[in-house]
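Trainee: Could you have a look at this structure, given as structure tokens, before my questions?
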């Protein structure tokens with residue numbers, strides 16, 4: 001077997017931001033080709049989107065149900081190998097469930113589903129089918145995030161004591177959804193976004209990054225969510241105190257009304273001997289601080305980084321890698337794992353490093369508990 005891995009896409013039609021990000025990321029390493037799609041809830045828009053992507057007319061589908069059933073009828077060497085789901089949150093579960101039930105691997109945008117109940121059902125299906133399920137918490141794909149994780153895992157900082165993760169944006173500082181701006185409209189709509197707005201959209205990224213880098217899990221949290229733009233239906237700002245399973249304490253802050261901020265995801269992790277700091281807007285740099293030694297700066301692409309970080313960098317040191325490449329690392333790893341299965345081989349452990357359905361369940365549990373805590377007089381709730 002020597003061929004590209006074939007991808008079908010649900011969502012991501014004309015005018016969609018995240019769909020094009022996924023398509024670009026899937027192409028970067030030359031391992032994946034888009035062969036079919038159901039790109040919109042509108043059959044006409046799906047058709048026009050597929051034509052713009054130069055797909056044959058018989059592989060452009062009116063809906064995801066038609067796509068999955070018709071692709072299943074095709075021979076193994078022709079049909080799609082996996083489905084990429086790039087829809088709003090409320091349309092993650094149904095295509096993911098149907099894809100798994102019909103033998104297709106899945107890559108899904110985050111959060112995993114509309115509700116924790118849906119997320120747990122997908123986790124059950126992945127366990128039953130044994131299929132690959134990747135969640136695009138893309139920030140875990142950055143080489144310096146993987147360097148941070150490996151340094152923590154190595155014990156370099158000793159026991160982790162404090163974690164501070166923040167994700168401020170400013171793009172929803174006004175009542176933007178009233179202008180029918182597409183991205184604002186669905187993200188602030190409880191019927192499409194779910195129980196939380198800001199924390200469902202970006203707070204879940206901060207939570208995932210904190211657990212990924214530290215290897216710890218949040219056990220309790222105390223949340224305060226706010227709606228600061230008049231007329232908005234879901235939270236646009238919030239702060240959460242968290243407790244981890246090793247006794248460490250943490251703070252997770254997310255905001256979409258921090259006027260002037262662009263996409264300032266940042267994490268700091270402190271242990272007994274030192275700590276680290278990583279900022280998404282400067283993703284090729286990891287700052288390490290020691291209790292009794294000078295500050296160190298680690299850079300992507302250099303020979304001194306851990307093998308896991310080196311394996312997820314594509315170009316020499318000094319050449320910037322960013323958002324699309326981090327996304328591409330997830331797609332590349334999924335493709336390598338599917339290729340190994342097709343050959344009856346075990347994939348290299350390096351390529352098994354991508355967010356899974358279990359991470360998605362953790363994220364949905366976090367969102368649910370944040371909302372529960374914020375609405376409760378008790379405040380501290382268990383995860």
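The values are calculated or read from the model by the stated rules, or taken from the named source; none is laboratory data. Everything numeric in this text was worked out from a predicted model, so none of it was measured. No Cβ is skipped: glycine too gets one built from the backbone with ideal geometry, and neighbour counts run over all protein chains shown.
Trainee: Please find, within the range 20-32, the residue that is farthest from residue 59 (Cα to Cα) out of those that are crowded, with 24+ Cβ neighbours inside 10 Å and within 16 Å of the chain's Cα centre (by Cα).
Mentor: 25
Trainee: Given the residues 225, 216, which is the only one that is within 22 Å of residue 164 (Cβ to Cβ), assigned to a loop (DSSP other than H, G, I, E, B) and outside the structural domain of residue 16 (by TED's automatic domain parsing)? Talk me through it step by step, then tell me what you get.
Mentor: On the way: 225 fails: assigned to a loop (DSSP other than H, G, I, E, B).
After ruling out the rest, the residue left standing is 216.
Trainee: Within the range 212-234, restricting attention to residues that are more than 18 Å from residue 359 (Cα to Cα), out of contact with any strand residue (DSSP E or B) (no Cβ under 6 Å at 6 or more places or on another chain) and in contact (Cβ under 8 Å) with a residue 40 or more places away in the chain, which residue is surrounded by the most Cβ atoms within 10 Å (Cβ to Cβ)?
Mentor: Selected residue: 234.
Listed here are the residues, each with its yes/no results for (1) in contact with a helix residue (DSSP H, G or I) (Cβ under 7 Å, 6 or more places away or on another chain); (2) part of a strand (DSSP E or B); (3) more than 30 Å from residue 172 (Cα to Cα); (4) assigned by TED's automatic domain parsing to the domain that holds residue 236.
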residue: 261; (1), (2), (3), (4): no, no, no, yes
residue: 264; (1), (2), (3), (4): no, no, no, yes
residue: 267; (1), (2), (3), (4): yes, yes, no, yes
residue: 294; (1), (2), (3), (4): no, no, yes, yes
residue: 302; (1), (2), (3), (4): no, no, yes, yes
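Trainee: Which ones in the range 43-91 are without any contact (Cβ under 8 Å) to a residue 60 or more places away in the chain, surrounded by 14 or more Cβ atoms within 10 Å (Cβ to Cβ) and part of a loop (DSSP other than H, G, I, E, B)?
Mentor: 53, 55, 61, 62, 63, 74
Trainee: Would you be able to tell me the number of residues in the range 2-38 that are part of a loop (DSSP other than H, G, I, E, B), farther than 28 Å from residue 187 by Cβ and touching a residue at least 12 places away in the same chain (Cβ under 8 Å)?
Mentor: Residues that pass the stated criteria total 5.
Trainee: Does residue 319 satisfy being surrounded by fewer than 22 Cβ atoms within 10 Å (Cβ to Cβ) and either under 30 Å from residue 107 (Cα atoms) or touching a residue at least 40 places away in the same chain (Cβ under 8 Å) (or both)?
Mentor: yes
Trainee: Let me ask another. Would you kindly identify the helices (runs of 4 or more DSSP H) lying entirely within the range 96-211 that contain at least 2 residues that are crowded, with 22+ Cβ neighbours inside 10 Å?
Mentor: Per the criteria, 116-129, 143-153.
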